[in-house]
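The values are calculated or read from the model by the stated rules, or taken from the named source; none is laboratory data. A quick note: this is a predicted structure, and the numbers were derived from the prediction, not measured. In this analysis, Cβ positions are derived from the backbone assuming ideal geometry, glycine residues included, and neighbour counts consider all displayed protein chains. We work out accessible area using only protein heavy atoms, side chains counted, and drop any ligands, DNA or RNA first. Shrake-Rupley method; radii C 1.70, N 1.55, O 1.52, S 1.80 Å.
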Amino acid sequence: AEAAAAAAAAAAAATPGLGEAQSKGTFVSQEMHQMSLREMEAKKWDKARCRVVSVINRHAVDKEIVALLLKTSDSGPLKIQPRDTRYPAFWVEQPQNLAGASNGAKGKKKSNAVTAALDASSSMLSQDGLLKQLNDLEEGSPGLLCVGKFLDWPRVSLSPRAEVLAVLGPSGSVAAESDALLSFYGLDWRPFPKEVEDGLKARFPDAATVVREELAAGRPDLRDVRCITIDPATAKDLDDAVSVAPGKAPGTYRIGVHVADVAHFVRAGDPIDVEARARATTVYLIGRVYPMLPRWLSENLCSLLPDGDRLAMSVFFTLDKNGNLVEDEPPEIQRGVIRTLCRLSYNEVDEALEGKCSENVTPDILSDIQELAALSRARKQYRLDSGAVVLERSHFVFQTDDNGAIEAVHKESASSVSHSLIEELMVLANHVVAARLVEAGEQAAEDASITAEAGLSQPILRRHPDTEGKVRKRIFELLPKHLHKEAPEGATLPALLAWCKQHWSPQTHEAVCADVLTTFKEAEYVVVDEEEDGPPGKNPDEEAPAPPELSHWALAMPTYMHFTSPIRRYADILVHRRINHIIGADREATAEKATHSDFLKWVKSAVETCNSKKRDAKDVSVDAIQVALSNFLHRSGGMEIDDAVVTRILIPRTSLALPEDLRHPVEEDVSIGDAAGVGKESFQDRLKKKKMKEAVEIFVPMAQCSRSVSFDMLNIEPIPGSAVVDDPGDAQKPRANLRARSVLVRPKTQQLSAAVDDDDDDDDPSSCTVS
């Protein structure tokens, strides 16, 4: 009330004659009064200024800060400049000498070598050590990348203070930049603790010993099953193998998907489990891998290499020649010991199917590959008929040197038969496991006295919400208008995408697929708690759909969960433990006293970690590709590509380069301003008027992203007075032609047509179609 009275008094004082009129009893309309208040509000915004006089409470910076280490002088203080531009520069507060800090550790006996290594590491992080590393840099180097920790911000200082926790290496080096990217996104880039790795090697000295003990304990021997792995040629963590054999009925095939039994080595609550749960995923960058598990497991004991026997979790299911699950021979999940007969790369499989077999491909293996390829094609068509959405993306192989820098780039087919073969079999195995989780959960009674997380009846599923409406809308926005009437009416989304593929070039279709992918909601792991989500679907024959909120829409699966990559995904390990419990092979137990609700809370927390780390790992991977490609192009002087596609023309509505009939009028309130001639636009209006350049957006498959290039760079400009309306009923979306300013522009870009959307958001550039 006081504020309203003050505002009214201020308005009366600022409006000539208003106060006098009120004092004489003259009637003043409410509309005039409100207009006066608006003018005053506009004035206040126009002249609004402030300054910070005190910081009451600072937000704690509890995460690591990736920064560039700089020196202010040869012997003066050091500074770090964070990569995150929201942070200011930090003064470095580092102990002068940390050597000897490891001496006298309480109750810990260290060898002389370990002690010396710790002292050397601590000395490198002292003030003198950091200065020495900066001085040792090659001339022209921008500085050292480091990881710091916020300490404090003294009131008497213009800059906060930080401590350097680790030096990553020279800025620009592949190793340092990779570590910095992971740290920036909050992913673990450090090696595993030595005591964790030593403990694993002591407990599991070699694969032969592990297998011998398990066979003696009664684990089934599946070494007579002909198993093969199909992976990238450079892969070391091989976590799945496949096999095929005749089914019981004529014309059926018994397929086996054999997955590394990682849960045998990573027991709940062990130190390695704590590490794996925190990391949650393996991060793959160009030429570098940051494993979720120590390499003793991920590239040795768990990896299904063809050099010996391995422990596995095997999923068997039977398909007919049309890709349907055979009900008379139901799926089966069991533990076993397998021996991989052959390791093949994707290229080897594709060449073998074309009749060019390598020495690894024997006649029996070739027969298996051919049968699996035919079944996977049928299975893929079955999913497409069920509504699965397949977006084609190119696969690129980056050839690197010894330092991890890109030397060459090779493109693989977006529709490789070998990739599709493995994808279809893994998807079906994951679905079979998910259906088993749901079935077991419904059969189990809630038990408050369970002794491990694996005993929880609530299944973990991977959910993908349905966004078909948005996807269809986006496709028609990208579809040229002359094709709108030709598009099949009432077609399913897969049929619509297939029709589009026939009317677009392969490059355009891939660009559209990449654009459409942005309308998808992200798939996520969920713990199905019936009190929150309701009961899920359970049918392994896929005929009884789950509730839409728990199904996987893009894969057209009523239930789905990751199971086939436990070496690189912690969520898969959680599922392996639950499956072991279901089939009666559970060895998990806990010494802690915990209730059912405690275990449920822990599992939900682990699932949330898996979701967040998976998103971060994807962002890191995309950023790493773009950084590495940028460095490669600078070193090589650039490269020509023939699959880039112009996807949009971006023209600001307020652009003066637009013809007069396409400019968006800027509304001016002439009542704003004072007698001294202050500008006619308020502060808010001026804030909205962002300076934007006309640009063309181009999708580059190799970089897996779109980038905009300004008209100036392409040397093109709008043709004045060229605005036309294609459809008289669509007068709100005029089009303007663009022309080349010189012959430097290639013929394909000399004539572009831009359709300007008419919406209410003046800040966003117009989206345009290209002809």
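Summary of values
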{"item": "Selection count where residues are more than 30 Å from the chain's Cα centre (by Cα) and either more than 22 Å from Thr467 (Cα to Cα) or open to solvent by 50 Å² or more (accessible area, probe 1.4 Å) (or both), scope the stretch 481-501", "result": "8"}
{"item": "Lone unmet requirement of (1) over 23 Å from Asp586 (Cβ atoms); (2) open to solvent by 80 Å² or more (accessible area, probe 1.4 Å); (3) assigned to a loop (DSSP other than H, G, I, E, B); (4) at pLDDT below 85 for Glu531", "result": "(3)"}
{"item": "Residues (among the aliphatic types (A, V, I, L, M) and not in a loop (DSSP other than H, G, I, E, B)) located in the stretch 290-338", "result": "Leu297, Leu301, Leu311, Ala312, Met313, Val315, Leu319, Leu325, Ile333, Val337, Ile338"}
{"item": "Subset of the stretch 550-597 [of a type in the set (Gly, Ala, Ser), out of contact with any strand residue (DSSP E or B) (no Cβ under 6 Å at 6 or more places or on another chain) and at pLDDT 95 or above]", "result": "Ser565"}
{"item": "Enumeration of residues in the stretch 366-400 that are small (Gly, Ala, Ser), assigned to a helix (DSSP H, G or I) and either farther than 17 Å from Val349 by Cβ or open to solvent by less than 20 Å² (accessible area, probe 1.4 Å) (or both)", "result": "Ala373, Ser376, Ala378"}
{"item": "Val274 hydrophobic (A, V, I, L, M, F, W, C) and without any contact (Cβ under 8 Å) to a residue 60 or more places away in the chain", "result": "yes"}
{"item": "Number of the condition not met by Leu131 [criteria: (1) in contact with a strand residue (DSSP E or B) (Cβ under 7 Å, 6 or more places away or on another chain); (2) assigned to a helix (DSSP H, G or I); (3) closer than 25 Å to Asp273 by Cα]", "result": "(3)"}
{"item": "Residue identified as without any contact (Cβ under 8 Å) to a residue 40 or more places away in the chain and either farther than 30 Å from Ala429 by Cβ or in contact with an Asp or Glu (Cβ under 6 Å, 6 or more places away or on another chain) (or both) among Gly199, Gly169, Gly186, Gly218", "result": "Gly169"}
{"item": "Residue within the stretch 241-253 that is within 18 Å of Glu299 (Cβ to Cβ), surrounded by 21 or more Cβ atoms within 10 Å (Cβ to Cβ) and modelled with pLDDT of 95 or more present", "result": "yes"}
{"item": "Residue that is most open to solvent (accessible area, probe 1.4 Å) [pool: residues in the stretch 552-574 that are part of a loop (DSSP other than H, G, I, E, B), among the small types (Gly, Ala, Ser) and under 25 Å from Thr467 (Cα atoms)]", "result": "Ala556"}
{"item": "Test for His410: is it of a type outside the set (Phe, Trp, Tyr) and in a helix (DSSP H, G or I)", "result": "no"}
{"item": "Selection within the stretch 231-270 - β-branched (Val, Ile, Thr) and over 19 Å from Val337 (Cα atoms)", "result": "Thr234, Thr252"}
{"item": "Residue check, Asp320 farther than 28 Å from Asn611 by Cβ and without any contact (Cβ under 8 Å) to a residue 24 or more places away in the chain", "result": "no"}
{"item": "Residue in the stretch 420-440 that is touching a residue at least 24 places away in the same chain (Cβ under 8 Å), part of a loop (DSSP other than H, G, I, E, B) and open to solvent by 50 Å² or more (accessible area, probe 1.4 Å) present", "result": "no"}
{"item": "Options Lys356, Lys380, Lys321: the member that is over 20 Å from Glu423 (Cβ atoms) and basic (Lys, Arg)", "result": "Lys356"}
{"item": "Residues of the stretch 341-365 satisfying the condition of being open to solvent by 40 Å² or more (accessible area, probe 1.4 Å), touching a Leu at 6+ places or on another chain (Cβ under 9 Å) and in a helix (DSSP H, G or I)", "result": "Leu353, Asp364"}
{"item": "The listed residue being assigned to a helix (DSSP H, G or I) and either aliphatic (A, V, I, L, M) or surrounded by fewer than 17 Cβ atoms within 10 Å (Cβ to Cβ) (or both), out of Val471, Val526", "result": "Val471"}
{"item": "Unmet criterion (only one of (1) more than 25 Å from His562 (Cα to Cα); (2) open to solvent by 60 Å² or more (accessible area, probe 1.4 Å)) for Ile625", "result": "(2)"}
{"item": "Matching option when the condition is open to solvent by 50 Å² or more (accessible area, probe 1.4 Å), in a helix (DSSP H, G or I) and within 12 Å of Leu461 (Cα to Cα), among Lys604, Lys618", "result": "Lys604"}
{"item": "Residue list for the stretch 170-179, restricted to those being surrounded by fewer than 21 Cβ atoms within 10 Å (Cβ to Cβ) and either within 26 Å of the chain's Cα centre (by Cα) or of a type in the set (A, V, I, L, M, F, W, C) (or both)", "result": "Ser171, Gly172, Ser173, Ala175, Ala176"}
{"item": "Counted residues, the stretch 140-166 - those being in contact with a strand residue (DSSP E or B) (Cβ under 7 Å, 6 or more places away or on another chain), open to solvent by 40 Å² or more (accessible area, probe 1.4 Å) and aliphatic (A, V, I, L, M)", "result": "2"}
{"item": "Residue in the stretch 277-294 that is farther than 30 Å from Asp623 by Cβ and in contact with a helix residue (DSSP H, G or I) (Cβ under 7 Å, 6 or more places away or on another chain) present", "result": "no"}
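Conditions tested, residue by residue: (1) over 28 Å from Gly269 (Cα atoms); (2) out of contact with any Lys or Arg (no Cβ under 9 Å at 6 or more places or on another chain).
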position	(1), (2)
Asn430	no, no
Val433	no, yes
Ala444	no, yes
His464	yes, no
Gly469	yes, yes
Gln502	yes, yes
His509	yes, no
Thr518	yes, no
